[in-house]
Amino acid sequence: MDADSLLLSLELASGSGQGLSPDRRASLLTSLMLVKRDYRYDRVLFWGRILGLVADYYIAQGLSEDQLAQRKTLYSLNCTEWSLLPPATEEMVAQSSVVKGRFMGDPSYEYEHTELQKVNEGDKVFEEEIVVQIKEETRLVSVIDQIDKAVAIIPRGALFKTPFGPTHVNRTFEGLSLSEAKKLSSYFHFREPVELKNKTLLEKADLDPSLDFMDSLEHDIPKGSWSIQMERGNALVVLRSLLWPGLTFYHAPRTKHYGYIYVGTGEKNMDLPFML
């Protein structure tokens, strides 16, 4: 959700029971404005909160003028002091995939994972147990990256792609109509396209290259991983991810108000295919 309209955005997303105390809201309003100024971001998004056992991580993301360029991620434990996280790498994701359970809430906390490694000694080969240390900060970076790639979404038309390549915020976007807002095909993944590149020219024939340049939600696997509901007498559409419980997207049809927030434990619902 955009930090510039934080209070309204939190109000629209509150139907899922995801709110912040008045002092946290006040701290976020001020500190995110300073983050935007100090780091010289074009936009700052309040990404959400990852719940820990000792403390919670408040997450914000800074965007450059090109909206699909790599986003800079920051975290805070008190909504006032923000620390920049390193970009996620494949090695980080693979390393932290073995960690299960809740976050602690301490970035310096180290998880211990025991791995079996083959050791050669002459003609003999035997397995040796090695204890690998994984920092919670690495796991935090990895989980945020996975959630961004899987369930960060925007409505169709909110961004447009220029003929020269960069993607910008569409200032003329006035919201989806009520009928469009009820369809999953009206929402896109807020990242570089993956599935779009695999489509045939015939499938791409009806697409507008300046608007339909990202992957649509209607082809997400597993099918049925999104819950779409109309609230407040059809004045608000809410999408909830069943794959990453805690992710809520909201959009008020025929208005510019949209955004998403994640408030959860940072754990993926691996049982979803068996629950559908």
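Annotations
- Residue separation of Phe164 and Glu110 scaled by 0.36 nm, minus their Cα-Cα distance, works out to 15.0 nm of gained length.
- Across the stretch 78-96, no residue has a backbone nitrogen under 15 Å from the label position 7 Å along the beta-carbon direction of Glu129.
- The chain: proportion of alpha-carbon pairs further apart than 28 angstrom, %: 40 percent
- Cα gyration tensor shape of the stretch 1-98, rounded if a/c is under 1.5, else prolate or oblate by comparing a/b with b/c: oblate
- Carbon/sulfur fraction of accessible area - the stretch 89-226, other protein chains in place, 1.4 Å, %: 52 percent
- Simple spin-label estimate for Gln70 and Leu7 gives 3.7 nm between the two label positions (7 Å along the Cα-to-Cβ direction from each Cα).
- FRET efficiency, 1/(1 + (r/R0)^6) with R0 25 Å, evaluated for Lys182 and Arg43 via beta carbons: 0.35
- Asp212, Asp271, Asp42, Asp2, ranked by accessible area, largest first (probe 1.4 Å): Asp271, Asp42, Asp2, Asp212
- Straight Cα distances below 17 angstrom link Lys100 to the lysines Lys135, Lys268, with same-chain residues fewer than 8 positions distant left out.
- Accessible area in square angstrom per residue, the chain, 1.4 angstrom probe: 53 Å²
- Two-site FRET efficiency, Val194 against Asp271, from Cβ-Cβ distance with R₀ of 25 Å, rounded to 0.05: 0.55
- A straight chain from Gln117 to Asn78 at 0.36 nm per residue would run longer than the Cα-Cα distance by 10.0 nm.
- Which of Leu242, Leu236 is most accessible, then next, and so on - probe 1.4 Å: Leu242, Leu236
- Rounded tilt (10° steps) of 136-151 against the dominant C-alpha axis of the chain: 40 degrees
- Working from label points 7 Å from Cα in the Cα-to-Cβ sense, the Ala235 to Lys100 distance is 4.5 nm.
- Solvent exposure of Lys36, expressed as accessible area, is near 60 Å², computed with a probe of 1.4 Å over the protein chains only.
The values are calculated or read from the model by the stated rules, or taken from the named source; none is laboratory data. Model, not experiment: these values are computed from the prediction. Cβ sites come from the backbone with ideal geometry, for glycine too, and all protein chains shown count toward neighbours. Each accessible area value is taken on the protein alone, full model and side chains, heavy atoms only, with ligands, DNA and RNA left out. Shrake-Rupley method; radii C 1.70, N 1.55, O 1.52, S 1.80 Å.
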